[in-house]
Amino acid sequence: MRTYLALLLLAALTTHLLVPSVRRLAVRWNVVAAVRERDVHTTPTPRLGGLAMLGGVCAALLVASRLDLTARVFTLAPTGRGLLIGSVLVAVLGALDDRFSLDAVTKIVGQILIAATVAASGVQLLWLPIGGVVVLDPFSSIGLTILLIVLMMNAVNFIDGLDGLAAGICLVSGAAFFTYSYLLSVQMGSTRATLPAVVASLLAGAAGGFLIHNFSRARVFMGDTGSMLLGLLMATAAVTLTGYVDPGALDGRATLLPALLPLLLPVAVIAIPLLDLVLAVSRRTLAGRDPFAPDKQHLHHRLLDLGHSHRRAVLLMYCWTALISFTTVALAFAPVWAVLPAAAIAAAALAVAVRRGPRTPRVAGEAG
């Protein structure tokens, strides 16, 4: 546990220290988010904050490859190297998009190629629970992995609409991924050194270190550079979890949830951004518009319209994410009768808080 905490703190501290330099670089290169009609921020703000997170991820990966506990994760398979290469490539793609506003087709093609690079390194979905346990063939495994990575990248990008929103949700998600992967290894009596736990630590650390500069009012935005990087890390943590569960052990077992959770947890931790993504694409498609064309009807915009302040809206979305993700984790290790009533009470309280928000004017926020 101390090793993972050290990796988290290293990623957070490195990211935090790099943000001022990245901010100055963004200003020099004129990578600044101007104020548009659909935005909720009121002053031009530098982007490219994802480059600082990339620095935090790379530093922590390098140290993890040298530590006694986690070094074996990188020596047994080339997945660590693939993740490092993929992180650099996705940051480059995001930086180009932040600077030159790439068209949707170019961006998607770039995401697919990067996802394929990561999948080729061994980060692959291995099985699915379809009428039992279906072990995927190499072609299906790589194809579904690419789909999940691209989906995660865009889900995080779509939720990046208020100061601190995407970074905070990814911090909560990283904590949930780490909690599950670590508890699973303890329960199964297996090694504590797992790639999902390492990636989850990097995800939480990079997001937390950046959040200090990004919470309302934000001094820098992560841009597509950061949102796609965080999406890649989330997808990698989710996909690699399946590699630590023996699909043969699922057949005939009375308690399947702990083993099936690698497939359920990714849906839980991105439930809010995924819902926002589905609603946005459906809304724009039905209106005859480009499904990736921006608008001002995201979930966070609706919370602002209900009268919530910027910070309150962000904190509410943090709470919903934490409730959904940690309830899912708890169901794998605690009795249903103990988890669901508490979750239902918390959900009811959050629903009341959403509907009875104070009527306050909007304040500055991040472009979404």
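The values are calculated or read from the model by the stated rules, or taken from the named source; none is laboratory data. These numbers come from a predicted model, not from an experiment. Here the Cβ is made from the backbone with ideal geometry for all residues, glycine too, and neighbour counts use every protein chain on show.
When Tyr318 is tested against (1) at pLDDT below 90; (2) closer than 29 Å to Asp97 by Cβ, exactly one condition is not met: (1).
Considering each residue of the range 139-167, count those that are buried (at least 24 other Cβ atoms within 10 Å of the Cβ), modelled with pLDDT of 85 or more and out of contact with any His (no Cβ under 8 Å at 6 or more places or on another chain), and give that number. So the count comes out to 9.
Output the number of residues of the range 49-93 satisfying the condition of being in a helix (DSSP H, G or I) and charged (D, E, K, R).
Looking only at the range 49-93, we keep the residues that are in a helix (DSSP H, G or I), and these are 50-64, 71-75, 79-93.
Filter once more, so that each one left must be charged (D, E, K, R): 72, 81.
Of the residues in the range 49-93, 2 are in a helix (DSSP H, G or I) and charged (D, E, K, R).
Just give me the residues in the range 47-87 being β-branched (Val, Ile, Thr), touching a residue at least 24 places away in the same chain (Cβ under 8 Å) and over 30 Å from Arg217 (Cβ atoms), in sequence order.
The first filter runs over the range 47-87 and keeps only residues β-branched (Val, Ile, Thr), leaving 57, 63, 70, 73, 75, 79, 85.
If we keep only those that are touching a residue at least 24 places away in the same chain (Cβ under 8 Å) as well, we get 57, 63, 70, 73, 79, 85.
Matches in the range 47-87: Val63, Thr70, Val73, Thr79, Ile85.
The residues in the range 70-96 that are touching a Gly at 6+ places or on another chain (Cβ under 8 Å) and either over 30 Å from Ala34 (Cβ atoms) or of a type outside the set (A, V, I, L, M) (or both) can be counted, and the count is 7. When the residues of the range 253-293 are filtered to those that are within 20 Å of the chain's Cα centre (by Cα) and not in a helix (DSSP H, G or I), the one that is modelled with the highest pLDDT is Ile270.
Every residue in the range 310-320 that is of a type outside the set (A, V, I, L, M, F, W, C) and within 22 Å of Ala348 (Cβ to Cβ), please. Walk me through how you get there before you give the answer.
Keep residues of the range 310-320 that are of a type outside the set (A, V, I, L, M, F, W, C), which gives 310-312, 318.
Result: Arg312, Tyr318.
As a summary of the residue check, Val186 satisfies the conditions (1) under 27 Å from Lys107 (Cβ atoms); (2) free of Cβ contacts under 8 Å to residues at least 60 places away in the same chain; (3) among the aliphatic types (A, V, I, L, M) except for the one numbered (1).
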